[in-house]
């Protein structure tokens with residue numbers, strides 16, 4: 001048996017001005033299981049080189065585009081080449097680098113949402129199913145300890161059969177037309193050609209939807225959505241409400257907005273069943289509230305052990 005080793009990580013995206021790239025990289029490095037060895041950080045080779053210098057990478061492994069990175073990394077000796085690539089690009093650059101990474105034999109961690117459109121998603125599904133490489137789509141909020149606790153309590157029947165679910169994701173950063181003020185993140189996230197047709201719902205509504213199915217263990221069977229453009233001049237939704245129906249007959253409401261002025265990033269979920277209820281919010285992420293028909297509410301904390 002070979003000795004355990006760190007996984008060699010490459011990045012596609014995450015160059016100067018990137019937001020999510022740094023978050024993925026920091027997350028990968030936190031537990032010491034990965035080491036960053038290469039990257040194609042920008043579609044602009046000069047910016048990719050600049051980012052590689054900031055990260056103190058071997059200049060020979062800082063690439064001008066992901067095609068070059070995949071080709072050259074696959075030619076390196078086994079044990080030296082990249083093992084897994086994290087793709088942290090705008091949504092219109094999800095499908096192609098993912099498919100090519102899998103075909104070159106690399107595992108993939110892809111930032112959500114899956115692809116730019118439904119057809120790409122269907123195609124990627126079949127490609128992944130026929131690949132022997134691992135594929136991960138990063139809905140990271142389910143990693144909180146108290147979310148794991150909530151899921152376990154639902155599975156153990158602590159709240160009984162789920163009847164009602166509320167999930168909301170309020171943000172306020174797009175309260176005005178930031179995309180007209182040279183804000184790189186706002187520019188691509190409100191551009192249908194780079195972001196896709198789903199604005200707020202594609203960006204953060206997906207997190208709320210994922211959270212609901214993860215915690216309850218149920219699949220949503222029906223949706224009825226009402227999407228809004230709150231800021232005049234914006235081409236895609238920045239706010240919305242969705243009615244949910246689950247496979248067991250439970251109902252739910254999903255609310256997401258990026259125009260709730262002053263809000264930071266407070267994903268919240270409440271799940272109520274026949275015997276009790278659970279409540280959690282991201283800004284108090286180490287706390288889970290458990291409610292029963294009789295007796296006081298119980299507060300679970302992550303603790304220090």
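Taken together, the values in this text are just the output of simple stated rules run on the coordinates, not laboratory data. Owing to the predicted nature of the structure, the values given are computational and were not obtained by experimental measurement. Positions of Cβ are generated from backbone atoms using ideal geometry, with glycine treated the same way; all protein chains shown enter the neighbour counts.
Report the normalised scattering of region 7-138 as log10 I(q)/I(0) at q = 0.11, 0.17, 0.22 Å⁻¹, calculated by the Debye formula with identical scatterers on the alpha carbons.
Summing over Cα pairs of region 7-138 leads to -0.34, -0.84, -1.41.
To the nearest 10 degrees, how steep is helix 145-155 against the longest Cα principal axis of the chain, on a 0 to 90 scale?
50 degrees
Per 10 Å bin, what is the whole-percent P(r) computed from every C-alpha pair distance within region 61-103?
26, 59, 14, 1
With an 8 Å Cα cut-off and a minimum separation of 6 or more residues, compute the relative contact order for the chain in percent.
Values: 635 pairs, mean separation 45.6, N = 305.
The normalised contact order for the chain reaches 15 percent.
Normalized C-alpha radius of gyration of region 198-244, against 2.2 N^0.38 Å?
1.26
Using only Cα atoms, tell me the angle between helix 45-54 and the longest principal axis of the chain; keep it within 0 to 90° and round to the nearest 10.
Orientation of helix 45-54: about 70 degrees from the principal axis.
Which of the three applies to region 92-142, rounded, prolate or oblate, going by the alpha-carbon gyration tensor with a ≥ b ≥ c and a/c under 1.5 meaning rounded?
oblate
Can you work out the PRE-style zone for residue 185? Point 7 Å along Cα to Cβ, and I want the residues of region 20-42 with backbone N under 12 Å.
Taking a point 7 Å out along Cα→Cβ of residue 185, the residues of region 20-42 whose backbone N falls under 12 Å are 20-23.
Which whole number in µm²/s is D for region 219-305 by Stokes-Einstein, with the Kirkwood Rh taken over Cα pairs at 10 °C and 1.306 mPa s?
101 µm²/s
With a 10 Å radius around each residue's Cβ, average the other Cβ atoms per peptide and rank 101-113, 175-187, 235-247, highest first. Let's see the in-between values first.
Values: 101-113: 20.6, 175-187: 14.8, 235-247: 18.5.
So the order, starting with the most tightly packed, is 101-113, 235-247, 175-187.
I need the P(r) histogram for the chain: all alpha carbon pairs, bin width 20 Å from 0 out to the longest distance, whole percents.
30, 55, 15, 0
What is the P(r) of region 111-266, as percent of Cα-Cα pairs per 5 Å bin from 0?
2, 8, 15, 19, 19, 16, 12, 7, 2, 1, 0
When the Cα atoms of region 133-185 are enclosed in a convex hull and the volume is divided per residue, what value in Å³ results?
In region 133-185, the Cα convex hull volume per residue is 171 Å³.
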